[in-house]
Amino acid sequence: MRRNGGFTLIELVLVISIVALLIMAVGLTSGIRENAKVHSASESVKALRTAAESYIAAGSMTYTGITVDGLKTSGFLPGSFTATGTNPWGGNYAIAPNSDANKVDISMTAVSASAAARLSALFANSAASTGYASETWTATF
């Protein structure tokens, strides 16, 4: 007599294999998205740094008074650059003079701890320092 109810062992193995593959695929795509966010953020930080260096090269003796809007007005940043709610995690970009007016701080809000660690590693050789507190990542140049 043959039982018609239930699943065979082969059917169960196939279903479990397919589910495992789907879980791995979702995990891989979320890692790819996070890589893209970190890359995008690092490119924006580089653009802000270049704009800040151009600000100094144009005759400013220190970074005192530097702002994103001022950099846009001076033409060092494109007019389309928006600092509010535009970083890859939905937070803000900010640029401000460091306590040492010869250095500038570039920061991003709403950054995850893992992304902050990766950003710090990317700027380890070019930034004077990096830091992370309260979901805000900051690099000093």
Single residue of Thr86, Thr64 found to be modelled with pLDDT under 95, within 25 Å of the chain's Cα centre (by Cα) and not in a helix (DSSP H, G or I) = Thr86
What do you reckon, is Phe76 within 15 Å of Ala47 (Cα to Cα) and touching a residue at least 40 places away in the same chain (Cβ under 8 Å)?
-> no
Could you say whether any residue in segment 46-59 is within 17 Å of Lys103 (Cα to Cα), part of a loop (DSSP other than H, G, I, E, B) and not β-branched (Val, Ile, Thr)?
-> yes
Within segment 119-141, can you find the residues that are of a type outside the set (Ser, Thr, Tyr), surrounded by fewer than 19 Cβ atoms within 10 Å (Cβ to Cβ) and not in a strand (DSSP E or B)?
-> Ala121, Leu122, Ala124, Asn125, Ala128, Glu135
Mind counting the residues in segment 90-141 that are over 22 Å from Ala36 (Cβ atoms) and among the aromatic types (Phe, Trp, Tyr)?
-> 1
Condition met for Ser107 (surrounded by 15 or more Cβ atoms within 10 Å (Cβ to Cβ), touching a Ser or Thr at 6+ places or on another chain (Cβ under 6 Å) and not in a loop (DSSP other than H, G, I, E, B)) = yes
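The values are calculated or read from the model by the stated rules, or taken from the named source; none is laboratory data. Fair warning: this is a prediction, and the values are worked out from it, not measured in the lab. So basically every Cβ, Gly included, is an ideal-geometry build from the backbone, and we count neighbours across all protein chains shown.
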